[in-house]
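Trainee: Here's a structure for you.
The values are calculated or read from the model by the stated rules, or taken from the named source; none is laboratory data. Bear in mind the structure is a predicted one, so any value in this text is a computation, not a measurement. Positions of Cβ are backbone-derived with ideal geometry, glycine not excepted, and every protein chain shown enters the neighbour counts.
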């Protein structure tokens, strides 16, 4: 196995945000990246809600085989154990592979603010970010003047991501294993915390 995705979209799972990602956010960003790379990027966007039903191994595997991550930041982003795992894994990969240094100034994490960027931790706020709070509207038409403004706003992001995709570090198998194990452990811990009765496997 090697890289399977160019970009992992990390977000607080809900139907409205997912609809906005598909309808408003991805098309212009994909177009910008296409013009830089000459090919359309492959996105991974998890569709399952954060109710304990998210399958952690497949989620961790997807993250471990993605080249970059776009955390769609909101005030409650870090309230999600899944979002926290996702961004932490990629930040650690940056450190291990020498990204965001004098020798390799590009990053693998591209914080994109859709709500309340003032709550972003200092270690993330120091990373160059894109603020698109004004465009986070699921009722926005893709053909509206505001959508055109978003297209212009995403152009620098597309260029930066394309550069990181092209310069992605050599894929390492332990990324997939580490991410999957971390997600499984989080799933297990949260399941134990929520368990209040001994499960019954047979009817009595």
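Trainee: Please give the number of the condition residue 40 fails out of (1) in contact (Cβ under 8 Å) with a residue 12 or more places away in the chain; (2) exposed (fewer than 14 other Cβ atoms within 10 Å of the Cβ); (3) more than 20 Å from residue 134 (Cα to Cα).
Mentor: So residue 40 meets the others, but not (1).
Trainee: Does residue 78 qualify as being touching a residue at least 24 places away in the same chain (Cβ under 8 Å) and under 16 Å from the mean Cα position of the chain (by Cα)?
Mentor: So residue 78 passes the test.
Trainee: Could you list, in sequence order, the residues of region 13-30 that are more than 12 Å from residue 142 (Cβ to Cβ) and assigned to a helix (DSSP H, G or I)?
Mentor: Within region 13-30, 15, 16, 17, 18, 21, 29, 30 meet the criteria.
Trainee: Now, a different point. Filter region 86-110 for residues that are out of contact with any helix residue (DSSP H, G or I) (no Cβ under 7 Å at 6 or more places or on another chain) and closer than 12 Å to residue 163 by Cα; which is surrounded by the fewest Cβ atoms within 10 Å (Cβ to Cβ)?
Mentor: Filtering region 86-110 for residues that are out of contact with any helix residue (DSSP H, G or I) (no Cβ under 7 Å at 6 or more places or on another chain) and closer than 12 Å to residue 163 by Cα, the one surrounded by the fewest Cβ atoms within 10 Å (Cβ to Cβ) comes out as 105.
Trainee: Does region 65-85 hold any residues that are part of a loop (DSSP other than H, G, I, E, B) and surrounded by 21 or more Cβ atoms within 10 Å (Cβ to Cβ), and which are they?
Mentor: Hit for region 65-85 is 74, nothing else.
Trainee: Which pairs turn up if I take residues in region 84-112 that are farther than 13 Å from residue 168 by Cα and look for partners that are at pLDDT 90 or above and in a loop (DSSP other than H, G, I, E, B) with beta carbon separation below 6 Å, at least 6 apart in sequence or on another chain?
Mentor: 111/129
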